[in-house]
1. If the chain between S297 and I53 were fully stretched, how many nm would it gain, using 0.36 nm times the residue separation less the Cα-Cα distance?
2. For the range 139-219, compute Rh as the Kirkwood radius over C-alpha pairs and then the Stokes-Einstein diffusion coefficient at 10 °C and 1.306 mPa s; write the answer in µm²/s, rounded to an integer.
3. Kindly provide the trypsin sites (Lys or Arg not before Pro) of the range 296-399 that DSSP labels as loop, not H, G, I, E or B, and whose Cβ sees at most 13 other Cβ atoms within 10 Å.
4. May I ask for log10 I(q)/I(0) of the range 244-399 at q = 0.10, 0.20 Å⁻¹, from a Debye sum over the Cα atoms as equal point scatterers with solvent left out?
5. Please compute the Cα-Cα pair-distance distribution of the range 299-385 with 10 Å bins starting at 0, giving whole percents from short to long.
6. So, in Å, what gap is there between the alpha-carbon centers of the range 53-89 and the range 352-399?
7. Mind listing the phi-derived Karplus ³J(HN,Hα) values for the range 389-396, rounded to whole Hz, using 6.51, -1.76 and 1.60 with θ = phi - 60°, and x for any glycine or proline?
8. Expressed as a whole percentage, what fraction of the accessible surface of the range 285-397 belongs to carbon and sulfur atoms when a 1.4 Å probe is rolled over the protein heavy atoms?
Amino acid sequence: MSSLRKRNSTKVARDKPKAKKDEEVRSPLQKNSEYVQQFQHFVPLPLLVTIMICSGFLWVMCFRDVFATGRPIFGEIDVLFQEYIKSGQFFEILSSSDDESGVYLKSYAGGLSAIKSVTTDTNNMGGLFVRKICGAAGLTVHSQKLISVLFQSNDAHWHMGHFNPMLILASLSNMAIVLFLLINMEDLQANGLLIGATICCLILIIEASAMLIYCTPSKSLPTKPRSGNSKHEKTPNSVVSRILTRTITIVSGLMILICGRDLLFPGIVLDIIPYDDIYLEWTGSFIHSPPLGSEESISHSIESSFFLGDKFISQLGALYLVIGCIYKFATAYYIRMGKDMTGEMKCKIIWRVQTLGDALLLLLIRLFASAALTASFDLRWHLMCLAYEMFIMGLYSFM
């Protein structure tokens, strides 16, 4: 026994230098691979800077439309734009002589305090509703790019292609906004907004090009083989979440129906939607887009040409909402689990931002609920549907 122990000890002593040499040879390679993998985890810096500059500029404009409606912040061009869409009426500062309460300086400044509880012909709460919803939807669209790359989660890896679906959808949404601006370029030019519209188009095109250039093929990690015996086990072609697929189909499908009408056929009443005519009247669609052959066309056909800015901001808000719904539909039908089972992470990148966007829309709709009710337009069903989608999407994205 003693001789056997001596032999084993001498063998271990011989193997120790060899193991140390192997460790010295392998450790630099392992450290280098770990460094490369950690470096590839983050979004490339040039793309990050491009999105920060381009989407950051547009994000500030949308933020202004929500919390300071009607306030020009970008010089003379922005002043002309606010006059074109008639948002200056919602930005006012009252002195003690104008205000009955006697407050020396009371600023509504187009913020949330400008929302009244009663709709009248003078305060135009329907028009304010359109402008704030447009700003909130625009915030969601541009925040989808900014938040995803600036606040990257630990389980979202760039080299695995987790950001590719978001970048492709963001590029397509940018080109859709550019197409919308080009269609309305004649009216914008007539109101002195050619330079501003051209700058926005260039910003969107540069950002879309950068995002498409950096869309790289995904490098999947090896996964464990799956038996496939369980009925509930997901396959590479499975949808990420059936519950969210049904929820998005119902809620976002209705949103696309209404917003698609406001974008492509403004002023047309959909009989399948209850109180749709009241909604169009409250938001001023009958004034800027009176349907042909209707009573509104007789009374508003002449003055509709003076409300092209109202039509522009209404269609822009509808486009933003449609883009947000397309993001959600992509997670429901386009993105699958994949061979590496990373589909859920790709969807979470979109779900997290869309949940925050739904929360902002929910807040604004709730603030306008009493004003809409005085115009015989009930927003309770809108609130319940949007809150349900936000709740389910939040559960899957943050848990």
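The values are calculated or read from the model by the stated rules, or taken from the named source; none is laboratory data. Because the structure is a prediction, the values reported are computed rather than measured. As a convention, Cβ positions derive from the backbone with ideal geometry for all residues, glycine included, and neighbour counts pool all protein chains shown. Surface areas here come from the heavy atoms of the whole protein model, side chains and all, with no ligands, DNA or RNA. Shrake-Rupley method; radii C 1.70, N 1.55, O 1.52, S 1.80 Å.
1. Gain on extension, S297 to I53, equals 83.5 nm.
2. Estimated via Stokes-Einstein, D reaches 113 µm²/s.
3. When the trypsin sites (Lys or Arg not before Pro) of the range 296-399 are filtered for loop state and at most 13 Cβ neighbours within 10 Å, K339 remain.
4. Those come out to -0.43, -1.27, one per q.
5. Reading the bins upward from 0: 14, 29, 31, 18, 7, 2, 0.
6. Taking the Cα centre of the range 352-399 as reference, the centre of the range 53-89 is 24 Å away.
7. Per residue, the Karplus-derived 3J(HN,Hα) values read 5, 5, 5, 5, 5, x, 4, 7 Hz.
8. For the range 285-397, the apolar C and S fraction of the accessible surface comes to 67 percent.
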